[in-house]
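This report concerns only the one structure given below.
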Amino acid sequence: MAVKGAVLGDILGAQFEFDRPKDLDWKNVPLAEGDAIGFTDDTVMTLAIKKALITGADLVETMVSVGREYPFSGYGGRFYNWINGDNHEPYNSWGNGSAMRVAFVGEYYEDFDEMQRMAEATAVVSHNHPEGIKGAVVTATCIWMARHGKSKQEIYDYVLEQYPIDEYEYSTGYSLDEIRPRYKWNESCQGSVPAAMRCFYESTDYESFIRNIFSLECDSDTFGAIAGGVAEEFYGGFGSVDVEGMLKKYLDEELITILKM
């Protein structure tokens, strides 16, 4: 269930989004520790999109309605205004918000072309910059590929084609060892999606994927939401990670209800 992987990735990543110790022992630190842990806007919008697609409701209306119930969940400034204002027109964003909320599309649609069209549809309501659209489509496609038995190498090759090493600073073609010394916190799709997918590529299970995210000074909750669905689908679950216990602890009743739809 890609959505569950994305939501848990958001929750686990949130604790280090803005408060990551310089000397973090990312290989051994407990997965869930610290006061900052909890869901963010990544989870709220991921589940809002799921609710809209499951119920056949208007996408924008559902995102606005659900989003307004969680006003302090960490929206970026322009998206906060999009949610809470009267103008819900797209604003040419390339931010990683389009990629962090698209997991259900990759999980839900069987037809490849329909999946890609719907991924774009969930992006363009706000993030209609070409990089914003690409981030959503690539994320959903990686989830779809994992669901349909594609190899890790095939997923990697697809992401590398979309984010070639000669055009993108944090292309998935760079190893984490190469990225770590120079990575700077980045809220763009182009600075987040390929690096998040590299965290998946170098993982061996869901937990090691999360720890790879911990190793970077990055928008860690969004990295978890972007590639968490890929990791869950590819590995067929969460291994020894107590996903049900964490979701029960950190999500409220409304979000759990949408998650179980």
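Values quoted throughout were computed directly from the atomic coordinates according to the rules given, and no laboratory measurement underlies them. Keep in mind that what you see is a predicted model, and the values were worked out from it rather than measured. Counting neighbours? That spans all protein chains shown, and the Cβs are built from the backbone with ideal geometry, glycine included.
A compact table of results
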{"quantity": "Separation of alpha-carbon centers, region 105-134 and region 6-66, rounded to whole Å", "calculated": "19 Å"}
{"quantity": "Choice from Ile37, Ile133, Ile143 with maximal GNM fluctuation in the chain (Cα, 10 Å cutoff)", "calculated": "Ile37"}
{"quantity": "Distance in nm between pseudo-label sites at Lys248 and Arg180 (7 Å out along the Cβ direction from Cα)", "calculated": "3.6 nm"}
{"quantity": "Neighbour net charge for Ser240 - beta-carbon separation under 12 angstrom, K R +1, D E -1", "calculated": "-3"}
{"quantity": "For the chain, built as a Gaussian network whose Cα springs stay under 10 Å, the top-fluctuating residue of Gly106, Gly74, Gly85", "calculated": "Gly85"}
{"quantity": "HN-Hα J in Hz across region 197-202 - Karplus 6.51, -1.76, 1.60, θ = phi - 60°, x for Gly and Pro", "calculated": "5, 5, 4, 5, 4, 8"}
{"quantity": "Net +/- balance of residues flanking Lys184 in space, Cβ distance below 15 Å, scoring K and R +1, D and E -1", "calculated": "-2"}
{"quantity": "Charge sum, other residues only, whose C-beta stays under 15 Å from Tyr109's C-beta, Lys/Arg counted +1 and Asp/Glu -1", "calculated": "-4"}
{"quantity": "Solution diffusion estimate, µm²/s, Stokes-Einstein, region 2-259, Kirkwood Rh from C-alpha pairs, 10 °C, viscosity 1.306 mPa s", "calculated": "90 µm²/s"}
{"quantity": "Other-chain or far-sequence residues with amide H under 5 Å of Tyr174's (modelled H)", "calculated": "none"}
{"quantity": "Gaussian network model of the chain, springs between alpha carbon atoms under 10 Å - residue of Ser220, Ser98, Ser73 with greatest fluctuation", "calculated": "Ser73"}
{"quantity": "Entries in Lys50/Lys260; Lys152/Lys260; Lys27/Lys260 that, when Cα-Cα distance is taken, lie over 22 Å", "calculated": "Lys152/Lys260; Lys27/Lys260"}
{"quantity": "Estimated FRET transfer efficiency (Glu154, Glu114; beta-carbon r; R0 25 Å; 0.05)", "calculated": "0.80"}
{"quantity": "Residues whose placed amide H lies under 5 Å from that of Ser188, excluding near-sequence neighbours", "calculated": "Asn96"}
{"quantity": "Residues with amide H under 5 Å from that of Gly38, placed H, sequence gap 5 or more", "calculated": "Ala14, Gln15"}
{"quantity": "Stretch in the chain that is longest and holds no trypsin sites (Lys or Arg not before Pro) that DSSP places in a loop and that have at most 14 other beta carbons within 10 Å", "calculated": "28-181"}
{"quantity": "Over the chain, relative contact order from alpha-carbon pairs under 8 Å, at least 6 apart, %", "calculated": "29 percent"}
{"quantity": "Sum of -39500 (n - 2.57) over DSSP H runs of 4+, divided by residues of the chain (222 nm, nearest 500)", "calculated": "-17500 deg cm²/dmol"}
{"quantity": "Karplus-derived HN-Hα couplings along region 131-144 (A = 6.51, B = -1.76, C = 1.60, θ = phi - 60°), whole Hz, x at Gly and Pro", "calculated": "6, x, 5, 4, x, 5, 5, 4, 4, 4, 5, 4, 5, 4"}
{"quantity": "For region 4-20, 3J(HN,Hα) per residue [Karplus equation, 6.51 cos²θ - 1.76 cosθ + 1.60, θ = phi - 60°, Hz, x = Gly/Pro]", "calculated": "4, x, 5, 5, 5, x, 4, 4, 6, x, 4, 5, 10, 4, 10, 9, 9"}
